[in-house]
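In what follows, a structure is listed as structure tokens, so that the remarks can point back to it.
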Amino acid sequence: MSTVHTDIVTPAGKVYEGDVHMVCVRATSGEMGVLPHHIPIVAPLEIALVHLKHEDENHIDYAAVHGGFIQVSRDKITILSEAAEMKDQIDVKRAEKARDDAQAQLATLHATSEGYAEALRKLKRSELRLSTAAIDGSVPEA
Amino acid sequence: MPSMRDIKEKIASTKKMSKITKAMQMVAAAKLNRAQESAQHYSAYADKLREVVASIASGLPKGNNSKHPMLASRPVKKTAYLVLTENRGLAGAYDSNVLKYTQNLIAEKHQSRSEYTVIVTGKIGLHFFEKRNYPVAFSKTDVQDEINFDDAVGFAKQVISLFDNKEVDELHLIYNHFINAISQTVVDKQLLPLTDLSDKPVKKANYIYEPDEDEVLQSLLPLYAEGQIYGALLDAKAAEQAARMTAMRSASDNANDIIDHLSLSYNRARQAAITQEITEIVGGAAALE
């Protein structure tokens, strides 16, 4: 099985760097799985979980990626995002607080009012963080 | 001639002052390290982003302005200048370099107040422009030493929305660029519309854009523009700490010079007093004989 070099880059530095066998992302146009030797492609991403599957099939890394985009070139994959964390870097307490804040904010706002979209995005981000942190590291039985 | 006590007091106060400036120099040096580090982290991201944006932009047909509003030059009725200064002063010519440059630029390019507007960060810059009655669109005076990305992006969005809403047709960024610990230069770059993208030669790669180029640009360009502002804030912060460090170092050096000088005159005064006393005793003894 071949691998491809993958980076996850944010303004705060590189979050992940390594050789993986398959990268699964959710682009705005739908789910995408990228294997080595993929044709060069650029696609914007949703706020969603990214799976980084290693050669050893039981070894999967998870990253919470908050938007941004994926760039696949001949010999490497780069995920660029304003914010991204690996599963073990997530601060669960902070995410829980952010979720509660966002929910409280949403309750007072109307769908058309200013700041609604912002609060909704905040909620999405914190929920993604929590669900990513909650993933069980073991691979589910196929 | 000042008395010995006056000189002694002066030496003590100068010593205290030099302690403070020395401490400030060390604080600035530590902060400079941190600022440089975050600027470095950021540059990896910025380079990548630029590469992708440039490779898309270079694929666009020349002179086609309709693709995305951020790429399209429109007739310039109003120009916005985003000027980055700092809050505290005590950084040598850091602020005055930027402010003087901006003042000259505006005087040169514009006849009336309606042709430009100023967006400013930092109290020093804000006071400067308000005192001289420049039109200030808005300002930000709570930039921390460690710049928070979300905070910076919030500000960047506010700035870019001026351009999006067609309130301004051009956005310039003026700030001190960090070269190394002892030198900074003022840079003035046009942020919007994005024109400098296709100038640089880029590696040709035929990417597929999913779903299509327009969609990708739509989400990429705001990211890019915000990133540029965040990068400039980081750069300016590093330059500020470097400027403060240099300013404080020369202040400490000057204080030491003054202390040396004062000690010399103190010793002279002391010797003069002793000599006088001896002369008086000798004179008194001679009178008794």
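A few points about this structure:
- Normalised by residue count, chain B yields a Cα convex hull volume of 161 Å³ per residue.
- The value for region B:6-145 of Rg(Cα) / (2.2 N^0.38 Å) is 1.51.
- Ordered from highest to lowest accessible area with the whole protein assembly present and a 1.4 Å probe, B:M248, B:M26 read as B:M26, B:M248.
- Inverse of mean 1/r across different Cα pairs in region A:91-133, Kirkwood, Å: 10.3 Å
- In region A:55-139, Rg over Rh equals 1.08, where Rg is the alpha-carbon radius of gyration and Rh the Kirkwood radius from pairwise Cα distances.
- The string of couplings for region B:101-116 from the Karplus curve (6.51, -1.76, 1.60, θ = phi - 60°) is 4, 4, 4, 5, 4, 5, 4, 6, 8, 10, 8, 10, 5, 6, 8, 8 Hz, one whole number per residue in order, with x for Gly and Pro.
- Look at the stretch B:99-110: the mean tally of other chain Cβ atoms within 10 Å of its residues' Cβ atoms is 0.
- Summarising the strand pairing of chain B, around 40 percent of its internal DSSP beta bridges are antiparallel.
- Take the Kirkwood radius over Cα pairs of the protein assembly as shown, plug it into Stokes-Einstein at 20 °C and 1.002 mPa s, and you get 84 µm²/s for translational diffusion.
- Computed P(r) (all Cα pairs; chain A; 10 Å bins; percent): 12, 38, 33, 13, 4, 0
- Partner chain coverage, peptide B:139-152 - average Cβ within 10 angstrom: 1
- Solvent-accessible area of chain B (1.4 angstrom probe, protein heavy atoms only): carbon and sulfur portion equals 53 percent.
- Computed in the context of the full set of protein chains, the accessible area of region A:91-133 at 1.4 Å probe radius has 51% of its extent on carbon or sulfur.
- Minimum 30 Å² accessible area buried by the other protein chains, region B:222-239 residues, probe 1.4 Å, relative to alone: B:L223
- Inter-chain Cβ neighbour average for residues A:10-19, partner chain, 10 Å: 4
- Our coupling estimate for region A:108-120, obtained by passing each phi through the Karplus curve with A = 6.51, B = -1.76, C = 1.60 and θ = phi - 60°, is 8, 9, 9, 4, 9, 7, 5, x, 5, 4, 4, 5, 5 Hz, Gly and Pro reported as x.
- Highest-fluctuation residue, B:D145, B:D214, B:D95 considered, GNM on chain B with Cα pairs under 10 Å: B:D214
- Given A:K122/B:K140; A:K122/B:K123; A:K93/A:K124; A:K14/B:K157; B:K22/B:K237; A:K93/B:K48, the pairs whose alpha carbons are separated by over 27 Å: A:K122/B:K123; A:K93/B:K48
- The protein assembly as shown: antiparallel DSSP beta bridges as a percent of all, rounded to 5: 65 percent
- Between B:M26 and B:T185, full extension at 0.36 nm per residue minus the direct alpha carbon distance yields a gain of 55.0 nm.
- Shown in residue order for region A:93-101 are the 3J(HN,Hα) couplings computed by the Karplus curve 6.51 cos²θ - 1.76 cosθ + 1.60 at θ = phi - 60°: 4, 5, 5, 4, 5, 4, 5, 4, 4 Hz (x for Gly and Pro).
- Residues of region A:91-133: accessible area per residue with a 1.4 Å probe, Å²: 68 Å²
- Counted charge near B:A238, where neighbours are those whose Cβ lies closer than 10 Å (Asp, Glu -1; Lys, Arg +1): 0
- Taking 7 Å steps out from each Cα toward its Cβ at B:D260 and A:A134 produces label points 7.0 nm apart.
- The residues of region B:181-284 expose, per residue, 51 Å² of accessible area to a 1.4 Å probe.
- Annotation: amide H-H contacts under 5 Å for A:V34 (H modelled 1.01 Å from N, sequence separation of 5 or more, or interchain): A:V23, A:C24, A:V25.
- Region A:23-74: proportion of alpha-carbon pairs further apart than 12 angstrom, %: 64 percent
- Take the accessible area of chain B alone and of chain A alone, subtract that of the pair, and you get about 2000 Å² summed over both chains, using a 1.4 Å probe.
The values are calculated or read from the model by the stated rules, or taken from the named source; none is laboratory data. All values derive from a computational prediction rather than experimental measurement. Positions of Cβ are generated from backbone atoms using ideal geometry, with glycine treated the same way; all protein chains shown enter the neighbour counts. Side chains are part of the model used for accessible areas, which takes the heavy atoms of the whole protein and leaves out ligands, DNA and RNA. Shrake-Rupley method; radii C 1.70, N 1.55, O 1.52, S 1.80 Å.
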